[in-house]
Amino acid sequence: MRRALVLSGGGCRGAFEVGALDYLIREAGEDYHIFLGTSVGALNAALIGQAQGRGELIKLVGLLKEIWLNLKGSRSVFAGSVLGPARLLFSDALFDPAGLRELLRRHLDSDRLFSTANVVKVSAVAMETGELLYACNKNPGLKGDFSRYVLASASIPLFFPAVVIDGKHWYDGGLRDVTPLGAVFQEQPDEIMVIVTMPLTEDLRPKLPETRVGGVFHRLLRAVDILTGEIAANDLQLAVAVNKCLQRFPGRRAVPIRVISPEQPLAGDGPLDFNPDRIRENMRLGYEAAHRPRLIAG
C-alpha cells in the first residue's frame, strides 16, 4: 500500500506535525512512501523523506523531534530584529534565516534524497511569474538546488529573503498552496494522511482565534495566518471534490483522506514564535491529535 503524507505550513506550529509523526510512525507503525510539504511542512517532509526503508524512517522522525526540541528560540532559526525595519531599506527582508540554512546543511543530504524510492515534493512560488513549482526528488535536474527550494518554501515575503534559483526569486509555497493535495493525486496513492496546524470546522473551514490589533509586525503575521488558513481550507475542499469526481471514472475509486488537526488554536504568538515551551506544548498536542484522525473522503 502506497501511503502519502501531506504536511501543511504554519511556521513554528510545525512542532504539531512532529508530535503527530512521532505517534503515527514510531508508535502506530504507519509507513509512508510519498511526502509532500509546504513551508515548515516542506522542511519536515524533506528531512524524513530521505528514509531508505521503514527502519530509517523511524530514526529520522526521532532526529526531527530532536531538532525541534533543541531549538532555543527564534535565534535558532533566524537573525534580525523587529525593531530594525530599516533593514528593508537595504535588503528585501526583516530577518536572515541563518539558523534554518545551517539546519538544512547539516541534515538534508541530496544524495540520500535523490536515491530513495520515496517521492518527495516541496512547493515554492516564483515572484516574477507567480508560478507554483513542486520541486520533486524524481527530477534529477533539481538535485543541486533541492535544499534551496526547501528553504524557499519556508521564506515568507518581507520576513525572509527570496531564494534566487535560475534567475527567479522563490518564496513560500503557502502563497498559493498551503496543503499541497493537488500534487499528491498525481502520485496515485492508496491513502492520504494530511496534517494541518490549524483547527477546522465540520465543513473544513479554518477556526482562527480572536486577537488584539497590534502594531505593523503583528498585523502582518495575522494577515499571514488569515491568508494561509483560507488557502488550506480551499485545498482540503478541492481534494474532497476531486475524490468525488474520481469515482465517476471506470476502474477508479475514491482515495481515503484522513486529516489530523488541533482542536483549538495552537500555542504561540504567530508563526514565528519559536519559544521552546510552546514548541513542546504543540508537539504534545500533535501527538494526542494523531490518535484520532478525521476521515474526510473515501
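Can you tell me the FRET efficiency between V164 and Q52 if r is taken as the Cβ-Cβ distance and R0 is 35 Å, rounded to the nearest 0.05?
Numbers: r = 32 Å, r/R0 = 0.90.
It comes to 0.65.
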Please list the non-local residues whose amide H lies under 5 Å from the amide H of I260, H modeled 1.01 Å from N, same-chain partners needing a gap of 5 or more.
V194, I195, V196, R294
FRET efficiency, 1/(1 + (r/R0)^6) with R0 41 Å, evaluated for E263 and K59 via beta carbons
0.85
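For K143 and L295, what is the calculated FRET efficiency with R₀ set at 35 Å and r taken between the beta-carbons, to the nearest 0.05? It would help to have the intermediate numbers written out before the result.
On the way: r = 37 Å, r/R0 = 1.05.
Efficiency, from the Cβ-Cβ distance: 0.45.
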In nm, what is the difference between 0.36 nm times the number of residues separating A98 and E128 and their Cα-Cα distance?
8.4 nm
In nanometres, what is the gap between the two model label sites at A254 and R284, each 7 Å from Cα along Cα-to-Cβ?
3.7 nm
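Taking 0.36 nm per intervening residue step and subtracting the Cα-Cα distance, what contour gain separates R106 from E187 on full extension? Please report the intermediate quantities before stating the final value.
Values: separation 81, 0.36 × 81 = 29.16 nm, distance 2.90 nm.
Result for the pair: 26.3 nm of gain on full extension.
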Would you calculate the separation in nanometres between label points at A117 and E27, each defined as 7 Å from the Cα along the Cα-to-beta-carbon direction?
2.8 nm
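Every read-out reported here was derived from the displayed coordinates using simple, explicitly stated rules and does not represent laboratory data. Keep in mind that this is a model prediction, so the values were computed, not measured. Backbone-built Cβ (ideal geometry, glycine too); neighbour counts: all protein chains shown.
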